[in-house]
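Q: Here it is, the structure, as structure tokens.
Coordinate-derived values only; no laboratory data. Note that the coordinates shown come from a computational prediction; the quantities given were computed from them, not determined experimentally. No Cβ is skipped: glycine too gets one built from the backbone with ideal geometry, and neighbour counts run over all protein chains shown.
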Amino acid sequence: MSHAPGVHVVALVPAAGPVPPPGAEVLTADDKPRKIGQITSAAVSYATDQPVALSYLKRSYDSPGLEVAVLLAGGAAPGQVFWPANA
């Protein structure tokens, strides 16, 4: 998913698992997961010692606190849309 109209750069906080790789799909966290974006970059936060990721998400899914899933090699890991102002 390239950066296009209707897509917003947001930060995600994966709830568990390893640092997601660039290109990992971001899915809705409901009964019928749908692709809503992708990870562009990720690292371990020095402040929290937890993974954080930047991603492109469809604008209708960029609300802080929204539960999402990040598709990793071992399956989907839960995560949450994070807004830097909440830090």
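Q: So for the pair residue 35, residue 54, with labels modelled 7 Å out along Cα→Cβ, what separation do we get in nm?
A: Distance between the two pseudo-spin positions: 2.1 nm.
Q: Considering just Cα atoms, how many Å³ per residue does the convex hull of the chain enclose?
A: Dividing the Cα hull volume of the chain by its residues yields 87 Å³.
Q: Then there is this: Specify whether the C-alpha gyration tensor of the range 1-43 places it in the rounded, prolate or oblate class, a ≥ b ≥ c being the square roots of the eigenvalues: rounded for a/c under 1.5, otherwise prolate if a/b is larger than b/c and oblate if not.
A: Oblate is the answer for the range 1-43, as a/c is 1.5 or above yet b/c matches or exceeds a/b.
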